[in-house]
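**Q** Sending over a structure as structure tokens; questions will come in a sec.
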Amino acid sequence: MANVASPLQYGDPPRLGPFVVQARLHAAPAGFVYLGQAPDGRAVSLATLTRGAAFDAAARERFVTAIKEAAGERSGVRSWLGRAPRSRGTVLEGSPEVLGSDTGRAPWVAVPYVPGRPGAERFLDPVMVGGTLLGQAHGPDFVPYWLTDRTPTAPPTRQRRPLTETRRRVLMAALAVALLLLLVTAILLLLLFGRSDTETQPRQLPPTVFVPTPPPVPQSPEPRPSTSPSPSPTETGPGTPGRSPGDEPGDEPQL
């Protein structure tokens with residue numbers, strides 16, 4: 001166990017329930033141990049599984065069972081034989097007081113932090129099993145398949161935005177909605193009144209009343225034969241020999 005705290009790394013949870021995670025204390029094969037702060041200000045030791053161990057049902061069950069047994073022993077819960085319920089492989093002797101825990105899909109446990117004394121790492125010991133059944137070790141050791149997934153697991157935390165930022169976002173959204181309504185109103189007014197201001201409307205013609213009129217009468221008189229340009233017989237001029245209209249055939253002068 002390492003009592004020297006190291007800075008948090010990428011993937012470490014910022015909070016576990018009501019406890020604020022401040023530093024990393026220990027990295028075990030099955031999980032991680034953190035130094036945190038309780039809501040009342042005292043230091044706590046927090047333990048959580050790796051993502052590989054949390055996804056394994058058997059490993060997660062061993063971790064949760066150790067937490068429940070420690071919490072039951074501290075609270076005075078006893079079985080009908082007068083002893084606290086135990087599961088094979090759990091570590092209960094000398095386990096610290098459980099201040100808080102989560103036994104869901106991403107389990108964790110919080111205990112008081114005392115420098116130089118075992119902390120929440122005690123609950124990570126039952127998660128790893130070796131080649132032992134009962135009594136002395138007599139079988140080959142093995143490595144769990146999830147041992148290579150060393151990413152810390154923690155329940156998702158929903159961070160609340162500051163109140164000033166929330167108000168700013170609300171004001172910006174209200175301003176955007178007001179500008180949008182103003183733009184829509186301006187477009188509607190332009191469509192309604194813009195045409196009459198820029199273009200002159202054609203004047204309406206009066207209604208047409210059809211009144212039949214008589215056929216036209218020609219102004220010129222009836223056509224007559226035109227006079228000949230040759231002189232008439234009554235006009236004086238060089239006479240031609242011949243008979244006058246009043247002469248008798250017997251009145252011809254004698255030569």
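**Q** Starting from residues that are surrounded by fewer than 23 Cβ atoms within 10 Å (Cβ to Cβ) and not in a loop (DSSP other than H, G, I, E, B), keep the ones in segment 108-121 and report whichever is modelled with the highest pLDDT.
**A** Selected residue: Pro112.
**Q** Sticking with this structure for a sec: Determine which member of the set Pro14, Pro29 is modelled with pLDDT of 90 or more and out of contact with any Phe, Trp or Tyr (no Cβ under 7 Å at 6 or more places or on another chain).
**A** Only one candidate qualifies: Pro14.
**Q** Does segment 161-177 contain any residue that is at pLDDT below 80, over 17 Å from Asp56 (Cβ atoms), surrounded by 10 or more Cβ atoms within 10 Å (Cβ to Cβ) and more than 42 Å from the chain's Cα centre (by Cα)?
**A** Within segment 161-177 (the criterion being at pLDDT below 80, over 17 Å from Asp56 (Cβ atoms), surrounded by 10 or more Cβ atoms within 10 Å (Cβ to Cβ) and more than 42 Å from the chain's Cα centre (by Cα)), the answer is no, since none of the residues qualifies.
**Q** Test Pro96 against the stated conditions and say whether it is buried (at least 17 other Cβ atoms within 10 Å of the Cβ) and modelled with pLDDT under 85.
**A** It is true that Pro96 is buried (at least 17 other Cβ atoms within 10 Å of the Cβ) and modelled with pLDDT under 85.
**Q** The conditions are (1) at pLDDT 90 or above; (2) out of contact with any Leu (no Cβ under 7 Å at 6 or more places or on another chain); (3) not in a helix (DSSP H, G or I), and Arg105 fails exactly one of them. Which is it?
**A** That leaves (1) as the condition not met.
**Q** Related question: Could you go through segment 50-61 and let me know if any residue there is in a loop (DSSP other than H, G, I, E, B), surrounded by 14 or more Cβ atoms within 10 Å (Cβ to Cβ) and at pLDDT 90 or above.
**A** yes
The values are calculated or read from the model by the stated rules, or taken from the named source; none is laboratory data. Nothing here was measured: the structure is a model prediction, and the numbers come from that model. Don't worry about glycine lacking a Cβ; one is built from the backbone with ideal geometry, like all the others, and counts go over all protein chains shown.
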